[in-house]
Amino acid sequence: MYNHKIEAIKKYTQAKMAQDQTGHGMDHINRVVHLAHKIAETETCDFFIVTAAAYLHDTVDDKLVLDPEQAYQELKSFLRDLNLTESDINQIVHIIQNLSFSQELNGTVEELTIEGQIVQDADRLDAMGAVGIVRTIYYGGSKGNLIYDPKIKPRNLKSKAEYREESTVINHFYEKILLLKDSLNTEYAKKIGGKRHTFINTFLKEFLEEWD
């Protein structure tokens, strides 16, 4: 009964993310959905909520949209037009509001449901490994960030505002990406994340050797 709703949600996301040039386009979204499904198969969860939140998680991201509040209102209106229950809408929105790394820095996140943990893990896994390396470089380039400057040291981030300040692409690995492994929730994600984490460390070691 949910197939047509998922298809509508996918089309909504495609329209919202069509112009993305930061590494958060539909290729990223589709990988997150695929990973979320893989994780969900190992957990007891609501598959529809997982799928919907995985598709929609970046459509209201404040680093990607000009007016996050308006984006949330549009999203809720769209989901109501699909005749989703208020309970389902609230679950989806709660996941989206509480899965980001930057929100955690502010200490404003609420505990995620298992569905939320699955989507968070899937999103974070796509920031790791070979794909994560390319996405990090791609995002940094889209913002005009330096690739690397040995005089600019990685920060121990304390807030979302600090996180949003300009840094180098390589520093982003140390400030965020290498921290993701220990934040993963599910056993399936931890297994994949360990391998991807190791790959990033290998890349960074080689990069720094070549830079010098």
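The values are calculated or read from the model by the stated rules, or taken from the named source; none is laboratory data. The structure displayed is predicted, hence computed values, not measured ones. Cβ coordinates were reconstructed from backbone atoms using ideal geometry, including for glycine residues, and neighbour counts include every protein chain displayed.
For region 131-170, residues that are of a type in the set (Ser, Thr, Tyr) and touching a Phe, Trp or Tyr at 6+ places or on another chain (Cβ under 8 Å) total 4.
Please pick out the residue among 153, 76 that is touching a helix residue (DSSP H, G or I) at 6+ places or on another chain (Cβ under 7 Å) and basic (Lys, Arg).
Criteria check complete, one pass: 76.
Can you find even one residue in region 58-74 that is outside any loop (DSSP other than H, G, I, E, B) and either under 12 Å from the mean Cα position of the chain (by Cα) or touching a residue at least 60 places away in the same chain (Cβ under 8 Å) (or both)? Checked region 58-74: no residue is outside any loop (DSSP other than H, G, I, E, B) and either under 12 Å from the mean Cα position of the chain (by Cα) or touching a residue at least 60 places away in the same chain (Cβ under 8 Å) (or both).
For region 87-96, a residue qualifies if it is surrounded by fewer than 18 Cβ atoms within 10 Å (Cβ to Cβ) and either touching a His at 6+ places or on another chain (Cβ under 7 Å) or without any contact (Cβ under 8 Å) to a residue 12 or more places away in the chain (or both), and the qualifying residues are 87, 90. Filter region 1-17 down to the residues that are without any contact (Cβ under 8 Å) to a residue 40 or more places away in the chain and touching a helix residue (DSSP H, G or I) at 6+ places or on another chain (Cβ under 8 Å) and list them by number. Selection gives 14 alone. Residue 109 meets all of the listed conditions (1) of a type in the set (A, V, I, L, M, F, W, C); (2) within 23 Å of residue 192 (Cβ to Cβ); (3) modelled with pLDDT of 95 or more but one, namely (3). For region 1-36, give me each residue that is among the acidic types (Asp, Glu) and closer than 15 Å to residue 78 by Cβ. Answer for region 1-36, where residues must be among the acidic types (Asp, Glu) and closer than 15 Å to residue 78 by Cβ: just 7.
One line per residue, one yes/no per condition, for (1) under 19 Å from the mean Cα position of the chain (by Cα); (2) among the hydroxyl-bearing types (Ser, Thr, Tyr); (3) at positive phi:
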residue	(1), (2), (3)
148	no, yes, no
154	no, no, no
174	yes, yes, no
182	yes, no, no
186	yes, yes, no
189	yes, no, no
192	yes, no, no
